[in-house]
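First comes the structure, then the notes that go with it.
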Amino acid sequence: MHTQSLSFEVRMARTRNDLQAACRVRAESYGHHLPHLHDMLLEPDLLDADEHTVVVLCVDKVSGSAVGTARFQTNAGGPLLIEHSMTVPEGIRSDTRAEITRLSAVAGADPLVKIALMKASYLFCVASQVRRMLICARKESLIRQYRRLGFVDVFDGDKTLPMRHVGRLDHQVLTLNVTAVERTWRETNNALYGFFFDTAHPDIQLFSMRPALPNRVPARSAARTTAVWQPSVELRKTIRSREVVQAVPS
């Protein structure tokens, strides 16, 4: 195994500043194609504060700016967001599960950002003893990309389902068997096998306690900067459960 340095770091969003930076990436990435979502995505939603949810951030080493983000939710605390719109098939129901959402990168970001975010999602699932990843996708090009990663359709015949958390738009649901990825990719000579399994990336530090963004503020204000984000009372009243948390089309 060899070691590769990336042009960015991947860390958990641990502070208010980290989470707001992730929201700006979401708004820029998705808002470019869906302008009506831009302002909504600039603010964290209730799921971002859930104890069984992790937001990760890619931060450029030179500029210190956020260039990518993704969100991982496990079913340790209850149904996944996607499961409010579908019944999990029996073959998946007994597995521990995680849903990957909000995966996005800013325009002009290092092409490895999204691949590194997928590796981070895999590493998170392995560390959390998650056996299944679930995603929903609407664009055919994105569905093809996920299939190249080893995701398969949960339902036969390219079946689509309206997703309550994305305006009831029809999406395909795909899943990845986390425990079989290494073997499957090795046997099929998947082009990403080396990046995922034969390369160490010290810049992917999911469980570091350090904030994702570089600390460039005076020491006397550091305590305020590292405060963990909590949803306001108004937001909690507006979004009463994870069932109505808005998300963007995958």
Residue match in the range 145-152 (condition: touching a residue at least 24 places away in the same chain (Cβ under 8 Å), over 18 Å from V54 (Cβ atoms) and either surrounded by 21 or more Cβ atoms within 10 Å (Cβ to Cβ) or among the aromatic types (F, W, Y) (or both)): yes
Selection status of R93, charged (D, E, K, R), at pLDDT 90 or above and over 23 Å from R186 (Cβ atoms): no
A76 vs. criteria farther than 26 Å from F8 by Cα and out of contact with any Phe, Trp or Tyr (no Cβ under 9 Å at 6 or more places or on another chain): yes
Of all residues making up the range 81-117, the number that are among the small types (G, A, S), in a loop (DSSP other than H, G, I, E, B) and either in contact (Cβ under 8 Å) with a residue 12 or more places away in the chain or touching a strand residue (DSSP E or B) at 6+ places or on another chain (Cβ under 6 Å) (or both): 3
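Could you tell me which residue of the range 153-182 is nearest to R132 (Cα to Cα), considering only residues that are assigned to a helix (DSSP H, G or I) and in contact (Cβ under 8 Å) with a residue 40 or more places away in the chain? Steps first, answer last, please.
Going through the range 153-182, the residues assigned to a helix (DSSP H, G or I) turn out to be 164-166, 178-182.
Cutting the leftovers down to in contact (Cβ under 8 Å) with a residue 40 or more places away in the chain gives us 164-166, 178-179, 181.
Values: R164: 21, H165: 21, V166: 22, V178: 6, T179: 8, V181: 11 Å.
Out of the qualifying residues, it is V178.
Can you report the number of residues in the range 1-51 which are of a type in the set (S, T, N, Q) and assigned to a helix (DSSP H, G or I)?
First, pick out the residues of the range 1-51 that are of a type in the set (S, T, N, Q): 3-5, 7, 15, 17, 20, 29.
Then drop every residue that is not assigned to a helix (DSSP H, G or I), which leaves 17, 20, 29.
Here the count works out to 3.
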The range 1-30 - residue that is surrounded by fewer than 19 Cβ atoms within 10 Å (Cβ to Cβ) and among the small types (G, A, S) and, of those, nearest to D60 (Cα to Cα): S7
Hits in the range 133-144 - residues which are crowded, with 18+ Cβ neighbours inside 10 Å and either in contact (Cβ under 8 Å) with a residue 40 or more places away in the chain or of a type in the set (D, E, K, R) (or both): M133, L134, I135, C136, A137
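The values are calculated or read from the model by the stated rules, or taken from the named source; none is laboratory data. A quick note: this is a predicted structure, and the numbers were derived from the prediction, not measured. Here the Cβ is made from the backbone with ideal geometry for all residues, glycine too, and neighbour counts use every protein chain on show.
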